Amino acid sequence: MGAGVAGLVAARDLVRGGAEVVVLEARERVGGRVLNDELPGGGPIEVGGQWVGPGQHRVLALIEELGLSTYPTYDDGRHIAEFGASRSLYTGRIPKVNPVVLADIAQTQLRLDRAARQVAAADPWRAKGAGELDAQTFATWLRRTARTARGRRFFRVVTEGVFSAEPEDMSALWAAFYVGAAGGLDALINVTGGAQQDRVTGGSQRIALALAEELGDRIVLGSAVTEIEWQGSGVRVGTGGGTAVRARRAVIAVPPPLAARIRFSPTLPGDRDQLVQRMPMGRVIKVNVVYDEPFWRRAGLSGQANSDRRPLGTVFDNTPPDGSPGVLVGFLEGRHADTGARMEPADRRRHVINDLVGYFGPRARDPLAYIERDWAEEEYSRGCYGAFTAPGALSRFGPALRAPIGPLHWAGTETATRWAGYMDGAAESGHRAAEEVLRRLLS
Ligand SMILES: Cc1cc2nc3c(=O)[nH]c(=O)nc-3n(C[C@H](O)[C@H](O)[C@H](O)COP(=O)(O)OP(=O)(O)OC[C@H]3O[C@@H](n4cnc5c(N)ncnc54)[C@H](O)[C@@H]3O)c2cc1C
């Protein structure tokens, strides 16, 4: 169940392995957290997941296999950084900040990367020191590690940008696991050489649409799974609409908080249930603001901006490859999504545009279009970019994240060992779940 990247990859592998497959999808579309919208005048724009980057071997292989292509994110010119009272324009990776703060940021990143390396991505709960890391929030870890207030503020912006959550929300073990699963913090935050390096031509939802085309009428849209009866010999998967599918095995490819809404009969073992009770989703409102042209480029700006004093803390150039229209994509993440969501839409739009004017000047005042998506308002996502674990959860219940239970198999990006939280992790989890099922069907 679930026609996101994970469920679709699993279904395709299963079909290729000779299994008969039905994919039950709650929404009236495929893609889940990956979704294309339309720019004024046509042309796709992503309102969900979009970037891919080096090291994301599974999603890159998928893109190639499906006959799709990528193009580089615009990364020329100077980036804007606002930390504390200062504003700087810089090129390369590191904003211009005072040397003491710079050394603090470098030292904290070094320690985070070291912790991440010690936490093997396949089973972080086994790592030496896992219990100690899991007994604290990432905020506590940062408070103990970063020496300067500005250094800590920098890592708050990074946490919001990477997890769409606050450092107080999540376990330090989850943060270390996630960084390790991507191969280090630089890989997560960089454009060139990192997770934001490339975009999928035609929009990232084409990955899901192309997979769905191969699966054809095996996918049943508008079928929210509400209950699963399971026993040794098989499953009966029921939807609110009354449809029921009987099968030998089920792959549950939905985010953990959505799996927690399904009624399992018999009840799942306590470890699994306790785990998913401790895995909330992040919160993000993604905004694409469209202009007649990418005017910031002529001013020598890359369109990339970060701030610890504006709600729109992260901005990138999201212009299509032919350079028109100009698009800035920004994110209200974590606590900023909380505040943004409580505003009237017109007020929220005004705040977002004001932040863009603050970054890029008065030309940002009059966009052609404003396209936003609040993922916490989506019944079948309940937040984004992904789920994370609260303190204590991963060290106590971690193995329950992926371990099959009788005929039930778990997929979804949160169950990945590499690039968890990303489309790449979703693809990894789909391949792994299909392999588990095929192995058991053949044995
Ligand atoms: C704003 C935003 C920006 C992001 N940026 C990036 C990025 O740049 N790069 C990147 O790699 N990743 C990014 N991500 C994350 C990426 O989109 C996800 O990691 C990935 O799409 C998850 O795929 P999945 O298949 O694991 O889960 P999902 O996409 O959530 O798929 C789950 C599917 O299950 C369905 N479902 C849920 N409940 C039920 C039910 N009861 N019955 C039946 N079906 C159900 C859902 O409708 C959905 O289709 C971003 C996400 C968002 C929202």
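The values are calculated or read from the model by the stated rules, or taken from the named source; none is laboratory data. Because the structure is a prediction, the values reported are computed rather than measured. Neighbour counts are summed over all protein chains in view; Cβ atoms, including those assigned to glycine, are modelled from backbone coordinates with ideal geometry. The accessibility values were calculated without ligands, DNA or RNA, using every heavy atom of the protein model including side chains. Shrake-Rupley method; radii C 1.70, N 1.55, O 1.52, S 1.80 Å.
So here's what we get for this one:
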{"read-out": "Rh (Kirkwood; distinct C-alpha pairs) - region 144-298, Å", "value": "20.0 Å"}
{"read-out": "Computed accessible area, I189, all protein chains, 1.4 angstrom probe, square angstrom", "value": "60 Å²"}
{"read-out": "Gaussian network model of the chain, springs between alpha carbon atoms under 10 Å - residue of G92, G270, G340 with greatest fluctuation", "value": "G270"}
{"read-out": "Stretch gain in nm, segment Q107-L441, where the contour uses 0.36 nm per residue and the Cα spacing is subtracted", "value": "115.3 nm"}
{"read-out": "Fluctuation leader among A250, A420, A210 - the chain, Gaussian network, Cα springs under 10 angstrom", "value": "A210"}
{"read-out": "Distance (nanometres) between label positions extended 7 Å along Cα→Cβ at R218 and D37", "value": "3.2 nm"}
{"read-out": "Calculated [θ] (222 nm, deg cm²/dmol) that DSSP helices of n ≥ 4 give over the chain, each run adding -39,500 (n - 2.57)", "value": "-10500 deg cm²/dmol"}
{"read-out": "Which of E333, E168 is most accessible, then next, and so on - probe 1.4 Å", "value": "E168, E333"}
{"read-out": "Estimated FRET transfer efficiency when R0 is 30 angstrom, pair R309-A390 (beta carbons, to 0.05)", "value": "0.60"}
{"read-out": "Pairwise Cα inverse-distance average, inverted: Kirkwood Rh of region 345-443 (Å)", "value": "17.1 Å"}
{"read-out": "Rounded if a/c under 1.5, otherwise prolate or oblate - region 36-119, Cα gyration tensor axes", "value": "oblate"}
{"read-out": "Cα long-axis angle, helix 5-16 against the chain (0 to 90 degrees, to the nearest 10)", "value": "40 degrees"}
{"read-out": "Computed accessible area, E378, all protein chains, 1.4 angstrom probe, square angstrom", "value": "30 Å²"}
{"read-out": "Quarter of Cα convex hull surface for region 78-211, i.e. mean projection, nm²", "value": "9.7 nm²"}
{"read-out": "Alpha carbon convex hull of region 1-75, projected area averaged over orientations, nm²", "value": "6.7 nm²"}
{"read-out": "Heavy-atom SASA rank of L68, L209, L60 (probe 1.4 Å, accessible area, largest first)", "value": "L209, L60, L68"}
{"read-out": "Solvent-accessible area, 1.4 Å probe, carbon plus sulfur percent, for region 1-129", "value": "52 percent"}
{"read-out": "Anisotropy class of region 8-165 from Cα gyration tensor, a/c 1.5 cut", "value": "oblate"}
{"read-out": "Contact order normalised by residue count of region 156-309, Cα under 8 Å, 6+ apart, percent", "value": "17 percent"}
{"read-out": "Quarter of Cα convex hull surface for the chain, i.e. mean projection, nm²", "value": "20.2 nm²"}
{"read-out": "Solvent-accessible surface ranking, highest first, for H57, H351, H79 at 1.4 angstrom", "value": "H57, H351, H79"}
{"read-out": "Solvent-accessible area, 1.4 Å probe, carbon plus sulfur percent, for region 177-311", "value": "44 percent"}
{"read-out": "Calculated FRET value between N98 and R365, using beta carbons and R₀ = 41 Å, to 0.05", "value": "0.80"}
{"read-out": "Potential extension, E168-D186 segment - 0.36 nm per residue separation minus Cα distance", "value": "4.3 nm"}
{"read-out": "Taking region 42-153 and dividing mean pair separation by its residue count, relative contact order in percent (alpha carbons under 8 Å, at least six apart)", "value": "18 percent"}
{"read-out": "Region 120-163 and region 10-31: distance between their alpha carbon centers, rounded to Å", "value": "37 Å"}
{"read-out": "The chain - percent relative contact order, Cα under 8 Å, separation 6 or more", "value": "25 percent"}
{"read-out": "Two-site label geometry, D347 and Q277: point separation in nm, points 7 Å out along Cα→Cβ", "value": "3.6 nm"}
{"read-out": "Size of electric dipole in the chain: Cβ of Lys, Arg +1 and of Asp, Glu -1, about Cα centre, debye, nearest 20", "value": "1260 debye"}
{"read-out": "Per residue accessible area in Å² of the chain, where ligands, DNA and RNA are left out and the probe is 1.4 Å", "value": "40 Å²"}
